[in-house]
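The values are calculated or read from the model by the stated rules, or taken from the named source; none is laboratory data. Keep in mind the model is a prediction, meaning the values are calculated, not measured. Cβ placement follows ideal geometry from the backbone for every residue including glycine, while neighbour counts extend to all protein chains displayed. Surface accessibility is based on the protein's heavy atoms, side chains included, excluding ligands, DNA and RNA. Shrake-Rupley method; radii C 1.70, N 1.55, O 1.52, S 1.80 Å.
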Amino acid sequence: QKAEQLAQLGRAWDVDLFVNGHQPQEMGFSVQAQRQIILASDNSHGYCLGIDLSRTYSVETLTNSLVKLAGIK
């Protein structure tokens, strides 16, 4: 059901991927239905993600670009 909801919303908004934050994720992030990345920074596993909004990305490219907050100095 979530995959279909994301697909419908993607069609309505003409977007391929969604990146959301501020939802607890035990390991700092999760991928939902290969269309949504959920980030969390509220624990020791927190991540952030820098993106260029003029580019197109795949879920794999974005997840490989995640930066663990504990590693930032």
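Output the 0 to 90 degree angle, nearest 10, between the alpha-carbon long axis of helix 2-13 and the longest principal axis computed from the alpha carbons of the chain. On a 0 to 90 degree scale, this one is about 70. Considering only Ser44, Ala33, Phe18, the residue lying farthest towards the positive end of the dipole of the chain is Ser44, judged by Cα position with unit charges set on Cβ. A straight chain from Leu9 to Asn64 at 0.36 nm per residue would run longer than the Cα-Cα distance by 17.4 nm. Expressed as a whole percent, the accessible area of the chain that falls on carbon and sulfur atoms is 50 (1.4 Å probe). Under the criterion of Cα pairs below 8 Å and six or more residues apart, the relative contact order for the chain equals 25 percent.
In this structure the chain gives 71 Å² per residue of accessible area when probed at 1.4 Å with all protein chains present.
For the chain, DSSP calls about 65 percent of its internal beta bridges antiparallel. Of the candidates Ser54, Ser44, Ser30, which one comes out as most mobile in a Gaussian network treatment of the chain with C-alpha springs shorter than 10 Å? Top of the fluctuation ranking is Ser54. A DSSP coil position with no more than 11 other Cβ atoms inside 10 Å describes the following GluC sites (Glu not before Pro) in the chain: Glu26.
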